[in-house]
Amino acid sequence: MSDFRNFLKENLETDPEFKEIWENNSQKRELVKALIALRIKEHLTQEDLAEKMGTHQSAISRLESGKYNPSVDFLFRIAKALNRKVEINFA
């Protein structure tokens, strides 16, 4: 098991605050993973996507690393750059 997986497992089992934060951010992680997968599927680098959106590569990097909470407008710009649409569902 990787160092990260060991760290994660241990903290999820022993630190209730960490576990709550981890679980509360699961949807954000899934969104970021989906965006990265779509960018890669389209054979685009972060710089390529940024250029299509009229932004900087660093903005895409911050988004993909989880250091940036995108606005709905930013998500719409990503979708437009990838010829996709945004769908939001509440379950």
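The values are calculated or read from the model by the stated rules, or taken from the named source; none is laboratory data. Source: prediction; values computed, not measured. Cβ: placed from backbone, ideal geometry, glycine included. Neighbour counts: every protein chain shown. Heads up: the accessible areas ignore ligands, DNA and RNA and are worked out on the full protein's heavy atoms, side chains in. Shrake-Rupley method; radii C 1.70, N 1.55, O 1.52, S 1.80 Å.
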- Task: Give the whole-number value, in cubic angstrom per residue, of the convex hull volume spanned by the C-alpha atoms of the chain.
- Result: 130 Å³
- Taking only Cα atoms and a 10 Å spring cutoff, compute GNM fluctuations for the chain and point out the largest among Glu13, Glu64, Glu30. Glu13
- Query: Relative to the Cα centre, what is the charge dipole magnitude of the chain, using +1 at the beta carbon of each Lys and Arg, -1 at the beta carbon of each Asp and Glu, and rounding to the nearest 20 debye?
  - Reply: 440 debye
- Item | Cα-only radius of gyration and Dmax that characterise region 16-62, units Å | 13.7, 42
- Task: Any lysines with Cα under 21 Å of the Lys41 Cα? List them, leaving off those in the same chain fewer than 8 positions away.
- Result: Lys28, Lys33, Lys52, Lys80, Lys85
- Item | ³J(HN,Hα) computed for each position of region 13-26 - Karplus, 6.51 cos²θ - 1.76 cosθ + 1.60, integer Hz, glycine/proline x | 7, 10, 10, x, 5, 4, 4, 5, 5, 4, 5, 5, 9, 5
- Query: With θ set to phi - 60° and the Karplus curve 6.51 cos²θ - 1.76 cosθ + 1.60, what are the ³J(HN,Hα) couplings of region 38-53 in order, to the nearest whole Hz, using x for Gly and Pro?
  - Reply: 5, 4, 5, 4, 7, 6, 10, 7, 4, 5, 4, 4, 4, 4, 4, 8
- Item | Whole-Hz couplings from phi, Karplus 6.51/-1.76/1.60, listed for region 61-73; x for Gly and Pro | 4, 4, 4, 5, 8, x, 8, 9, 9, x, 6, 4, 4
- Message: At 1.4 Å probe size, with the rest of the protein present, what percent of the exposed accessible area of the chain is carbon and sulfur atoms?
- Response: 51 percent
- Value of [θ]222 nm, deg cm²/dmol, for the chain, DSSP H segments ≥ 4, -39500 (n - 2.57) each, nearest 500: -21000 deg cm²/dmol
- Task: Count the net charge of all other residues whose Cβ sits under 13 Å from the Cβ of Gly66, scoring Lys and Arg as +1 and Asp and Glu as -1.
- Result: +3
- For the chain: accessible area per residue (Å², 1.4 Å): 78 Å²
- Query: Can you tell which of Leu82, Ser61, Leu38 lies farthest toward the positive end of the dipole of the chain, using +1 and -1 charges on the Cβ of basic and acidic side chains (Lys, Arg; Asp, Glu)?
  - Reply: Leu82
- Message: Please report the net charge: other residues with Cβ closer than 12 Å to the Cβ of Ala34, K and R +1, D and E -1.
- Response: +3
